[in-house]
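**Student:** My questions will all concern the structure given below.
The values are calculated or read from the model by the stated rules, or taken from the named source; none is laboratory data. The structure displayed is predicted, hence computed values, not measured ones. Don't worry about glycine lacking a Cβ; one is built from the backbone with ideal geometry, like all the others, and counts go over all protein chains shown.
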Amino acid sequence: MIRKEDEKAVLYDLGSTHGTEINGVRVLPNTPYPLQSFDIIKMAKGMTVLHFSYIFADQTLEFEPLSITQRLTIPEEPIKIHWEKRECLVDGKRIAMSEKEFLLIQLLYDRANRLVTNEEIKHTVWPERTMGADGMPDVSMDELNALVYRIRRKYGKDTFVISAVRGSGYVLEMDSK
């Protein structure tokens with residue numbers, strides 16, 4: 001249950017069978033947990049995931065279908081990333097990473113389960129771009145979104161579970177590194 005207390009949103013797990021997690025940490029039943037913007041709330045062993053925010057943006061929220069069988073089965077061979085070679089092994093198949101894919105995946109991986117802002121991504125992935133008046137590299141949101149799309153398409157959407165946080169950035173969701 002989430003309710004408003006003293007102008008803050010507060011989460012309570014009411015003794016659910018499968019528990020509730022905030023940012024990967026299981027919450028104790030009937031204990032108040034004040035929520036912060038960009039908290040990731042998981043219920044029913046990750047079958048329901050909420051991205052909490054006090055901020056309302058004009059951008060479109062992305063929805064991705066949940067693959068129940070993919071979530072409940074354990075892959076036979078884990079995904080391996082060879083950082084030095086800039087490649088990853090997916091289902092025994094070697095896939096080379098482009099420079100931009102490598103930089104984005106490495107940034108998201110290093111900050112797994114935490115928000116990486118669009119600004120941080122632009123500075124890290126496109127350092128060669130000229131800076132605009134706002135001090136940001138001249139990279140459009142369409143360009144950034146296209147890079148995430150290419151990664152999902154090339155490696156499979158379940159290889160790197162990258163979630164968009166509307167108007168803010170991206171989160172690489174991982175159970176463990």
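**Student:** Looking at segment 108-141, which of its residues are of a type outside the set (Gly, Ala, Ser), more than 22 Å from residue 53 (Cα to Cα) and assigned to a loop (DSSP other than H, G, I, E, B)?
**Tutor:** 126, 127, 128, 129, 130, 134, 136, 138, 139
**Student:** Could I ask something else about it? Anything in segment 142-177 that is free of Cβ contacts under 8 Å to residues at least 60 places away in the same chain, part of a helix (DSSP H, G or I) and not β-branched (Val, Ile, Thr)? List them, or say none.
**Tutor:** Correct list: 142, 143, 144, 145, 146, 147, 149, 150, 152, 153, 154.
**Student:** Quick test of your reading of the structure: residue 167 fulfils all but one of (1) of a type outside the set (Lys, Arg); (2) surrounded by 18 or more Cβ atoms within 10 Å (Cβ to Cβ); (3) on the phi > 0 side of the Ramachandran plot. Name the failing condition by number.
**Tutor:** Result: residue 167 passes all but (2).
**Student:** Additional query: Which residues, taken from segment 9-34, are under 24 Å from residue 172 (Cβ atoms) and touching a Ser or Thr at 6+ places or on another chain (Cβ under 9 Å)?
**Tutor:** 11, 26, 27, 33
**Student:** For residue 85, state whether it is basic (Lys, Arg), over 24 Å from residue 51 (Cα atoms) and in contact (Cβ under 8 Å) with a residue 12 or more places away in the chain.
**Tutor:** no
**Student:** Give the residue that is surrounded by the most Cβ atoms within 10 Å (Cβ to Cβ), with candidates limited to residues of segment 78-133 that are modelled with pLDDT under 90 and among the basic types (Lys, Arg).
**Tutor:** Filtering first and then ranking leaves 86.
**Student:** Okay, moving on. How many of the residues making up segment 1-56 are among the acidic types (Asp, Glu), without any contact (Cβ under 8 Å) to a residue 12 or more places away in the chain and closer than 18 Å to residue 112 by Cα?
**Tutor:** Result for segment 1-56: 0.
**Student:** Okay, next question. For segment 1-54, give me the residue count where each residue is assigned to a loop (DSSP other than H, G, I, E, B) and out of contact with any helix residue (DSSP H, G or I) (no Cβ under 8 Å at 6 or more places or on another chain).
**Tutor:** The qualifying residues number 27.
**Student:** Determine which single condition residue 75 fails, assuming it passes every other condition in (1) under 23 Å from residue 165 (Cα atoms); (2) assigned by TED's automatic domain parsing to the domain that holds residue 129; (3) assigned to a loop (DSSP other than H, G, I, E, B); (4) modelled with pLDDT under 85.
**Tutor:** (1)
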